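Asker: First, the structure itself, so that you have it in front of you.
The values are calculated or read from the model by the stated rules, or taken from the named source; none is laboratory data. Remember, predicted model here, so these are calculated numbers, not experimental data. Please note: Cβ atoms are built from the backbone with ideal geometry, for glycine as well, and neighbour counts cover all protein chains shown.
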Amino acid sequence: MPRRKKWRWVYVELPKEIDGEIELSLDELEAIRLADVEGLSQIEAAKLMGISQPTFHRILKEARRKVGKALIEGLRIRVVGGDHIMRKFRCFDCGHEWEEPFGTGRPEACPKCGSPNFHRVDAGRRRGRCWRE
Ligand SMILES: [Zn+2]
């Protein structure tokens, strides 16, 4: 039998409309994905992003603050990229792996053998899936 709901007070009001915008950087979005969606520990998530745990903590804290602010104030969230975010690719034909900065588009071919037959391998994507661009 379900327990009876206990009354609770909230002082928040729903925003009347979506008005305004807040920028979330790609690393902030990734921090939220790894910690809050995938449920990784900060140590695991920091390792996947190639940063220290204190840095991950700082990024995640700021990301959550921005998302919270967007929910409360009815702001649109715009995700902005950055050159320092890297993507990793692997060639199916020669096995070569290489990295490209985010936002530079999909590479044309494997830089080693010239094959167009390659896929993205991001550390954050597990269970053998690669993600589409
Ligand atoms: Zn290749």
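Asker: Identify, please: which residue in segment 78-118 is among the β-branched types (V, I, T) and out of contact with any Pro (no Cβ under 8 Å at 6 or more places or on another chain) and is, among those, farthest from A31 (Cα to Cα)?
Answerer: So the residue we want is T104.
Asker: Then there is this: If you check I72, I85, I43, which single one turns out to be out of contact with any His (no Cβ under 8 Å at 6 or more places or on another chain) and either charged (D, E, K, R) or surrounded by 14 or more Cβ atoms within 10 Å (Cβ to Cβ) (or both)?
Answerer: Unique residue meeting the criteria: I85.
Asker: Does any residue in segment 99-123 that is at positive phi and loosely packed, with under 14 Cβ neighbours inside 10 Å come within less than 9 Å, Cβ to Cβ, of a residue that is among the β-branched types (V, I, T) and part of a loop (DSSP other than H, G, I, E, B) six or more places away or on a different chain, and which pairs are these?
Answerer: G103/I85
Asker: Condition first: surrounded by 10 or more Cβ atoms within 10 Å (Cβ to Cβ) and in contact (Cβ under 8 Å) with a residue 24 or more places away in the chain. Can you find one or more residues in segment 10-17 that meet it?
Answerer: Yes, the conditions are met somewhere in segment 10-17.
Asker: Then there's this: Quick one: which of A35, A109, A123 is away from the ligand (no atom under 16 Å from the Cβ), at pLDDT 90 or above and not β-branched (V, I, T)?
Answerer: Numbers: A109 fails: away from the ligand (no atom under 16 Å from the Cβ); A123 fails: at pLDDT 90 or above.
Only one candidate qualifies: A35.
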